[in-house]
Amino acid sequence: MAETQFTKGNEARLILEFAMPVMAGSLFMQLYNYVDAVIVGNFINKEALAAVGASAPLIFTLVSLVIGISIGSSIMISQCYGRGDIAGIKRISDTLYIFLFFASLLLTFLGILFDRFILKLIGLSEEVMPYAVEYLRIYLLGIVFLFIFNSLSSILRGVGDSKTPLLFLVISSILNILLDLLFVPVFSWGIAGAAWATVIAEFLAVVFAVGYTNKYNSVIKLNVRKMVFDFPIFRQSLKLGIPAGLQQLFVSLGMLAVWRIVNDFGTDATAAYAAANRIETFVAIVPMALSIAITNFTAQNMGAKAFIRIHNGIRATMKMNLVSGLLILLLLSALGTPLMKMFTPDAAVVRIGVEYLMVLAFSYWIFGTMFCYMGVMRGLGNTLVPMLVSLISLWLVRVPFAALLSSFFGTLGIWLSAPAAWFLGTVAIYWSYCRKIKKESLRS
């Protein structure tokens, strides 16, 4: 497996070479999400489409803290790799696997116990509720496979290998699409078919990923009988991961609050937001991949105390982000309406969705800037500041602005709250980065 050593060579080339497989893997994953929503919207109804979309932030809320622990472990693995500490990588990997297994069992139980209660809290309409409950309860049965799959991918990226996770994602996405087409249009299993397609595809993908990793990478192989849970390492991963997990939690709770505001405008708005969110996941591919790349790049160079390379890497990443922002503007301006029509022929749903996409088209480069600097801060070992920035920008700007502006401008007011929050977050995270990098440079 090809592993990237970020402490040597041209910074821009290394970051791009690492980010490209991440982008390709995300593309396949989001292609599945897109096809899933298209199949549900066209072969079932718009209520089912709304249910799948509304379930996403609830699922993210349940797993957010666990994702944070994984982020903390990935940062530690990158820093170990930068120091050449292979034994440390093995101990961190084993500890992560054990934690995620038991966490997944707990989250499955809690999710099934409280799903209807939480869906009522976000104001999901009665015609959508049965679809959402049925989808969630099946989906949560496979959350253990999701955790194992994502942890393997995260560990591999931590040691500089972004190509193997791409292979895993391609297989998972293709399986999802094929099973969706079989279970929903052919077998007519409805929204349950979409959920079972995801669970089965994730299980098969995990079987392949574990087998492949055990064969080709002895350092991070998953061997249940030889696993050891390292409490000091777990405490360190908690120290790094809890702020990242709380950030994910605050983001997901904030998005639930936004969904609550959207749901007040009826099923058309909920379905439109669900469909537009599927399109947005494609838009987010580049900034997300750049953020992952710059996190690992920064972590390795932080381990090597190579601060000039960190500066150069950030400049290169910002240039890539601006180019991607321009492409997003051009593509969404040209294809927003046709993309929405793929989900549903309902004119009202299409109109509301296109309205949201146009706001994204002109402002997503701001999101990319904010997200990349958050990645830099995590790579520097500071996960608390990104959490605070997310909390402030989301809860003090986006949610209040969405509630306020929607009373004047309807759904457009909800959409406009996003770029306002991203702008504030970008200013805050850049200021924090400047302070952090100056302090680290002085220490060295």
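The values are calculated or read from the model by the stated rules, or taken from the named source; none is laboratory data. Predicted, not measured: the structure shown is a model, and the values here were computed from it. Don't worry about glycine lacking a Cβ; one is built from the backbone with ideal geometry, like all the others, and counts go over all protein chains shown. Side chains are part of the model used for accessible areas, which takes the heavy atoms of the whole protein and leaves out ligands, DNA and RNA. Shrake-Rupley method; radii C 1.70, N 1.55, O 1.52, S 1.80 Å.
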Quick one: putting +1 on the C-beta of Lys and Arg, -1 on the C-beta of Asp and Glu, what dipole do you get for the stretch 194-257 around its Cα centre, in Debye to the nearest 20?
300 debye
Please compute P(r) over all alpha-carbon pairs of the stretch 303-429, binned at 5 Å starting from zero, and give each bin as a whole-number percent.
2, 11, 15, 17, 17, 15, 10, 7, 3, 2, 1, 0
Do you know the relative contact order of the stretch 96-242, to the nearest whole percent, from alpha carbon pairs under 8 angstrom that are 6+ apart?
26 percent
The stretch 292-444 - percent of accessible surface contributed by carbon and sulfur, probe 1.4 Å
74 percent
Using the alpha-carbon atoms, what tilt in degrees (0 to 90, nearest 10) does helix 267-283 show relative to the longest principal axis of the chain?
30 degrees
Taking the Cα atoms only, what angle lies between the long axis of helix 163-181 and the longest principal axis of the chain, rounded to 10 degrees?
20 degrees
According to the square roots a ≥ b ≥ c of the eigenvalues of the Cα gyration tensor, what is the shape class of the stretch 217-266, taking rounded for a/c under 1.5, prolate for a/b larger than b/c otherwise, and oblate for the remainder?
prolate
Percent of all alpha-carbon pairs of the chain at distances over 36 Å, whole number, is 23 percent
GNM flexibility winner over the chain from Val66, Val199, Val228 (Cα, springs under 10 Å)
Val228
Leading residue at positive end of dipole, the chain (Cβ point charges), from Ser78, Leu412, Ile279:
Ser78
With Cα springs under 10 Å, the Gaussian network model of the chain assigns the largest mean-square fluctuation among Phe362, Phe187, Phe297 to Phe187
Prolate/oblate/rounded call for the stretch 220-334, Cα gyration tensor, a/c under 1.5 rounded:
oblate
At q = 0.11, 0.13 Å⁻¹, what is the log10 ratio I(q)/I(0) for the stretch 158-291, with the Debye formula run over Cα points and no solvent?
-0.68, -0.94
Pairing the Cα long axis of helix 347-379 with the longest principal axis of the chain, what angle in degrees results, from 0 to 90 and rounded to the nearest 10?
10 degrees
Cα gyration tensor of the stretch 108-195, axes a ≥ b ≥ c as square roots of the eigenvalues: rounded (a/c below 1.5), prolate (a/b > b/c) or oblate?
oblate
Rg to Rh, two decimals, where the stretch 151-237 supplies the alpha carbon set and Rh follows Kirkwood:
1.11
Per residue, how many Å² of accessible area does the chain show with a 1.4 Å probe?
40 Å²
Just want to confirm a number: the relative contact order over the stretch 368-444, from Cα pairs under 8 angstrom separated by 6+ residues, in percent.
37 percent
Helix-derived mean residue ellipticity, 222 nm - over the chain, DSSP H n ≥ 4, -39500 (n - 2.57), to 500
-30000 deg cm²/dmol
Could you give me the ³J(HN,Hα) list for the stretch 54-60, computed from phi with Karplus coefficients 6.51, -1.76, 1.60 and θ = phi - 60°, whole Hz, x at Gly and Pro?
5, 6, 4, x, 5, 4, 5
About the Cα centre, and with charges only on the beta carbon of Lys, Arg (+1) and Asp, Glu (-1), how big is the dipole of the chain? Nearest 20 debye, please.
1820 debye
Got the relative contact order for the chain handy, in percent, Cα pairs under 8 Å and 6 or more residues apart?
25 percent
Would you give the gap between the C-alpha center of the stretch 111-138 and the C-alpha center of the stretch 295-309, rounded to a whole Å?
44 Å
